Structures are given as C-alpha cells and as structure tokens.
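Nothing in this text is a laboratory measurement; each read-out follows from the coordinates by a stated rule. Bear in mind that the values here come from a model prediction, so they are computed numbers and not experimental data. With ideal geometry, Cβ positions are generated from the backbone for all residues, glycine too; neighbour counts draw on all protein chains shown.
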Amino acid sequence: MAKRSAPEVNAGSMADIAFLLLIFFLVTTTIEVDSGIQSKLPPPVPDEVEPPPIKQKNIFQVLVNQNNQLLVEDELMEIGDLTEAAVAFLDNGGGEGPAACTYCRGERDPASSDNPDKAVISLVNDRQATYNMYVTVYNELVRAYTILRNRESEARFNETFEKMYLRYKEWPETEKETPEYDKLGLQVEEIQDLFPLKLSEAEPQEG
Amino acid sequence: MSKFKKQKSGDLPAISTASLPDIVFMLLFFFMVATVMREDELMIENRLPNANQVEKLESKNKLIYIYIGKPSAQYQKTFGTTDVIQLGDKISSISEVQTYVNSKRNDMSEDIQDEMMVSLKVDSNSKIGPLTDVKQELRDAMALKINYTAKKGDPMKNMNR
C-alpha cells in the first residue's frame, strides 16, 4: 500500500469556537467609565495669613456629627430638606446698593445672604461620620447650585445649565476652533459666575 | 454561450471558510488586548456611594486613584478592621500619600501634569477621618483637583443601608 495521507481535520467548527470566545469577551468586559463629584481643595495656607472676614449672615453652616445627624444653622434638619434650605439661602439676595442681586428671586431677608457671590456654604463634619452621609450632603449642596444655575440658564439661553455644560464638555475635539464653541464657553462661564460654587470645608473637628 | 452553460451545470463550489477562524481570532485578540479589566487589585472593601451631581472623569492617564475602606476578609488578620488607605496595589499609611502622588505625577508627561486629578474611591461605609487626612496630604502635595468617585444614582438610597 502506498503512503496514505492523513485525513484532513475539519476546521469548520473552529470559527464557532472562536466566535464563542469572542462573544464571551465582548459581553464580560465593560469598559468602565467612572464618574464622580468634582471638587477642588483649597491650596495650603501659610500660618501667618489671616482669613478674610466674612459676615456671619453670609455663611450657611452645615454640620454633620458623629451620629450622622445634620445640623443646619444650629438646627436639626432632615437631609431631604437640605437642598431647599441651601437654595433659599443662596438665592436670598438681601444686599443693598452695590451688593444687591438683580437676578435673585429669594425673600430678600436682610438677615440672610447678600448675594450668591458673597454667600458661602461652610461644611463641617465629624471624623466619625460615615462617607455615605458626607457624599449625600455634598451632593445635595452641589444640587442646590445646579438648580439655581439651571433656572438662570433657562431664563437667559433657553437651555438648562446641565445640558449646556455637557454640550460644552463633549464638544468634538476637531471643532474647538469654531466661534460656536467659544460662545458656548462664554455662556457657561457667565452662568457659573452668577452662582459661583463656594463650598468651604473647614478644618475637621476632632472626634 | 455554451461556455457559460457548462459551468452552471454541476454543484456550486463551496466557499472556503478556512480563513474565517483567522478573522475571528484576530477580533478576539483585539478585544482581549484592548479591554482593561481593572486598574488595581483591591485589598479593601470598596462600595461606592450614589450621587446624582456627577461628571464623567477625565481620561485614565490623568488620574491617580486612592482607595479607602475596610480591609477585605482575607487581609483583616494583618491590617485589622479599621479603615485603611490603599495606594496602588498595597495598603499604605497616611504618610506615604504625598510620595505616592508626587511619583505618579512625575510619571505623567509634562503637558498633562497640570490636569492631573485624584480620584478618591472611598467605601460608602467608611468613616470620614481617613479621608480628611488624605485631603490634607493632597493639599500639601498641591494635588488640588479631586473627585469623589460615585455611582450615578439616587443619593437618598445611601442613607437607608
């Protein structure tokens, strides 16, 4: 008998195997996109510099104690009411003369903040409080700013600030030289200047 | 004419699928190489809280990760059960934060060093104490852009668990 060539292995199912693996990897791997609340830390302060004086009425005190209780302006408060209280404080516009706020729609209570530029939210937290509580409080305070920015943005540009900001951030890289992009940037800046995010975190209390 | 008719008669020749596996394998390898599973091996519990005022983070090469949380079960013997800080692949002490941040920053290319951001991945049940210490260290290291990494969701759900 002559040498018989070995029978060819059927490679038809190879594709199926490879496809199976491919689909497995396609399904299991998620390209994770993290998201989070942006924040900026104050630069380190030299000891001899005195902090600038801020009028008591322009400070909105938020305190979280070790039992995760929320104390706002020395009164116990439920977390659900925090945003509303912060909005009322920021939007108060009680100032007169040069400190007056033309776009505020608050109660203009002279005992509360002069204008959003001067209003400072001070957040103090106990070391024993949980991160859960901290993030929630922080989130609610940022939300107060977002609500106000949205309102002004809708009044001026007919678009919520959130949408506008997202559009600005996700502008295609190749078209950043256009006047539309610059205009949008100015709009975003304008709204941000109306309600600047002034969230101060004091040195934490020892627990 | 007759030439064409001749070819039609008889079975259609099967299209060779022998190269199909090669194509698919190529795709497979692409996905295997391109997808990154996880940045660091976590040695701590790390359940992120919910928040709704979130923004997407910058691209990964501008980010430095700092994790805070309880050591996970197999490390509790060595590191105890109080909240610890994890830098890179290992659990570290607070004094190492500045060195870590600075060395990471030096690894970045010069033009993006200013855009560096620190992503704080803190377990939702941990205490604020370590986080506050880390933030102090970051201030001293002049790493001022930070991000409280959170899941997009209803923050009110944080409270009842």
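Couple of notes before you dig in:
- Each Cα pair under 8 Å and six or more residues apart adds its sequence gap; the mean of these over the residue count of region B:85-161 is a relative contact order of 36 percent.
- Loop GluC sites (Glu not before Pro), region A:113-207 (other Cβ atoms within 10 Å of the site Cβ: 15 or fewer; DSSP): A:159, A:170, A:177, A:206
- Percent RCO, i.e. relative contact order, over chain B, from Cα pairs under 8 Å lying at least 6 residues apart: 29 percent
- Amide H contacts under 5 Å for residue B:65, placed H, 5+ residues apart: B:119
- Charge dipole (debye, nearest 20) of chain A; +1 at Cβ of Lys and Arg, -1 at Cβ of Asp and Glu: 880 debye
- Candidate lysines for bridging to residue A:57, where Cα separation is under 26 Å - those fewer than 8 sequence places away on the same chain excluded: A:40, A:118, A:198
- Axial C-alpha extent at least 20 Å, average Kyte-Doolittle at least -1.0 - helices from chain B (DSSP): B:20-34
- Its Cα gyration tensor gives chain A an equivalent ellipsoid. The semi-axes, each the square root of 5 times an eigenvalue, are 53, 26, 16 Å from largest down.
- Over 22 Å (Cα to Cα) - which of B:77/B:157; B:90/B:127; B:62/B:127 fall in this group: B:77/B:157; B:62/B:127
- Taking all Cα pairs closer than 8 Å and separated by 6 or more residues, the relative contact order of chain A comes to 19 percent.
- Only Cα sites of the protein assembly as shown enter the Debye sum here, all with the same form factor; the resulting log10 I(q)/I(0) across q = 0.06, 0.09, 0.10, 0.11 1/Å is -0.35, -0.65, -0.77, -0.90, listed in q order.
- Span-rule helices in chain A, defined as complete DSSP H runs reaching 15 Å or more along the axis (Cα) with Kyte mean at least 0.5: A:14-28
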